[in-house]
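J.: Below you will find the structure I want to go over with you.
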Amino acid sequence: LVDDFVKNFNDHRAETFIPSDKICVDESISRWYGLGGYWINLGLPQYVAIDRKPENGCEIQNSACGDSGVMLRLKLVKTAEAEDHNVQEDENSIPHGAKVLRELVQPWVNTERIVCADSYFASVKAARLMLQLGFRFIGVVKTATKQFPMAYLSTVELAARGDTKAVIANDEHGDYLAFVWMDRERRYFIATAGSMEAGSPYQRTRWRQVNQEQNAHPELVDLEIPQPKAAEIYYATASSIDQHNRCRQDDLSIERKLGTWDWSKRVNLSILGMCVVDSWFVYRGCTGSLESQSDFYTALAEELIDNTFEQAVNARRSSARSLFAAGQSAVSPNGFARAGVGPHLTPTKRKRKRNDGTILKHLHQGRCTVCSLKTIMVCSVCHDDAEENGGDL
């Protein structure tokens with residue numbers, strides 16, 4: 001019920017979109033609060049309910065362009081077994097996270113792009129696999145520590161935030177950089193891209209108790225933490241999917257606004273939401289527009305609802321629209337041409353009233369100033385003044 005949509009999404013992006021030199025790999029959650037679990041026919045294929053995640057629902061593993069944030073490839077998680085990292089593996093086998101990683105970046109092999117992935121996917125074997133496929137790689141290591149010098153890097157002394165320590169290894173495929181960087185806690189990386197040269201320090205504003213006197217107020221302090229170039233590349237790229245998820249869940253909010261008890265409809269709507277957010281990313285990237293997401297989504301909805309993509313234009317409607325042909329062109333706030341934003345016909349918001357003032361559910365009708373026929377359609381630009389003044393529509 002969802003696989004065809006995912007396949008068409010993946011095929012279309014592989015054929016039509018060229019990502020930047022960096023690819024982010026992470027996961028998204030399709031918000032769901034109905035029946036869950038692969039053991040229930042009516043539930044999601046795999047129901048995820050993890051305390052550290054803000055949402056409960058179906059997990060979708062994905063890759064995205066590291067610069068634009070546009071989604072590149074999706075993989076629907078269907079069974080709990082597919083997530084199990086504790087499956088017995090021999091020395092030459094590929095970990096499950098690395099297999100998923102390979103699937104999510106497959107269309108762009110041998111392009112020397114940098115793949116940045118979190119601890120679910122990252123390991124020494126994943127870094128080696130990426131080199132074999134023609135990628136460079138930077139990932140955070142937490143539990144997949146096989147062949148990683150965790151024992152040494154976890155005990156080396158680091159005095160302050162920003163301190164680093166690294167070791168280098170190599171094989172027939174290339175060089176591997178394993179390093180630890182101290183922020184609030186130690187963070188471990190495996191990389192075949194970047195270096196230990198000083199990168200741009202990251203800056204944060206935080207509340208700190210500078211005055212140690214009793215009941216003294218905290219103060220805002222600007223923190224500047226040094227970081228190596230490899231860590232800078234990782235953190236500049238790894239947030240792409242998180243930002244995409246935030247735009248889809250909090251700004252577009254399609255999963256909150258459209259309720260359903262059909263799990264396939266929910267997941268398909270989530271993928272549709274990804275497409276809508278991608279259109280916003282592409283529009284902003286191509287035009288440099290400062291238009292808000294809300295305004296863009298409203299204009300996009302108008303264009304999609306009132307379109308002539310697959311049908312002939314109604315003669316009467318076209319003649320009515322021709323009245324605006326010589327008027328203001330449809331432009332965005334930045335001056336870029338776009339349909340659906342300039343003058344166009346739209347239904348009135350006024351309701352009919354009885355003589356006693358009771359408001360009915362039917363829309364108010366007025367007289368067209370050109371043909372004098374009754375209509376509920378009004379000009380999107382001037383209808384407010386006309387309605388307020390009680391004049392013709």
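The values are calculated or read from the model by the stated rules, or taken from the named source; none is laboratory data. Not measured: the values here are computed from a predicted model. Counting neighbours? That spans all protein chains shown, and the Cβs are built from the backbone with ideal geometry, glycine included. These area figures cover heavy atoms from the full protein model, side chains too; ligands, DNA and RNA do not enter into them. Shrake-Rupley method; radii C 1.70, N 1.55, O 1.52, S 1.80 Å.
J.: Pop out the carbon and sulfur fraction of the accessible area of region 109-173 as a percent, whole number, probe 1.4 Å. Before the final figure, lay out the partial values.
T.: Numbers: 1580 of 3170 Å².
Carbon plus sulfur share of accessible area: 50 percent.
J.: To the nearest 0.05, what FRET efficiency results for A216 and I94 with a Förster distance of 51 Å applied to their C-beta separation? Show your work: numbers first, answer last.
T.: Numbers: r = 56 Å, r/R0 = 1.09.
The pair A216/I94 has a calculated efficiency of 0.35.
J.: Separate question: Which value, in Å², gives the accessible area per residue of region 192-266 when a 1.4 Å probe is used on the protein heavy atoms? The partial results should precede the final answer.
T.: Values: 4740 Å² over 75 residues.
Computed with neighbouring chains in place, this is 63 Å² per residue.
J.: A further question on this structure: Per 5 Å bin, what is the whole-percent P(r) computed from every C-alpha pair distance within region 232-300?
T.: Percent of Cα pairs in each bin: 3, 15, 24, 23, 17, 11, 5, 2, 0.
J.: Scan around N56 for amide H atoms under 5 Å from its own, H built in the peptide plane at 1.01 Å from N, and keep only partners 5 or more places away or cross-chain.
T.: For N56, whose amide H was placed from the backbone, the distant partners under 5 Å are W32.
J.: List the lysines whose Cα sits under 24 Å from the Cα of K351, skipping any in the same chain fewer than 8 residues away.
T.: Within the straight-line cut-off, K351 pairs with K361, K374.
J.: Pop out the ³J(HN,Hα) list for region 169-184 in order, Karplus 6.51 cos²θ - 1.76 cosθ + 1.60 with θ = phi - 60°, rounded to Hz; leave Gly and Pro as x.
T.: 9, 8, 9, 5, 8, x, 9, 10, 10, 10, 8, 10, 10, 9, 10, 5
J.: How much net charge surrounds V109 when only other residues with a Cβ under 14 Å from its Cβ are counted (Lys, Arg +1; Asp, Glu -1)?
T.: Details: positive: R73, R102, R113, R136; negative: E103, E112.
Charge balance near V109 sits at +2.
J.: Any idea how far apart T308 and L258 come out in nm if each label point goes 7 Å out from Cα toward Cβ?
T.: With each label point 7 Å from Cα toward Cβ, the separation is 2.6 nm.
J.: Lysines within cross-link reach of K257: Cα-Cα under 17 Å, excluding same-chain residues under 8 positions apart?
T.: Within the straight-line limit of under 17 Å, K257 reaches these lysines: K265.
J.: Can you bin every Cα-Cα distance in region 116-180 into 10 Å intervals starting at zero and give me the percent of pairs per bin, rounded to whole numbers?
T.: Bins of 10 Å from zero give 20, 52, 24, 4 percent of pairs.
J.: If you take the square roots of the eigenvalues of the alpha-carbon gyration tensor of region 82-235 and sort them as a ≥ b ≥ c, do you get rounded (a/c under 1.5), prolate (a/b over b/c) or oblate? Write down the numbers at each step before the final one.
T.: Details: a/c = 2.20, a/b = 2.03, b/c = 1.08.
Prolate, since a/c reaches 1.5 and a/b exceeds b/c.
J.: Turning to a different aspect of this structure: Length gain on complete extension for the stretch K349 to L290, per 0.36 nm per residue less the alpha carbon to alpha carbon distance? Intermediate values should be presented prior to the final figure.
T.: Details: separation 59, 0.36 × 59 = 21.24 nm, distance 2.89 nm.
Separation in residues times 0.36 nm, less the Cα-Cα distance, equals 18.4 nm.
J.: Give the whole-number value, in cubic angstrom per residue, of the convex hull volume spanned by the C-alpha atoms of region 176-232. Please report the intermediate quantities before stating the final value.
T.: Details: hull volume 4.3 nm³, N = 57.
Enclosed volume per residue, from the Cα hull, is 76 Å³.
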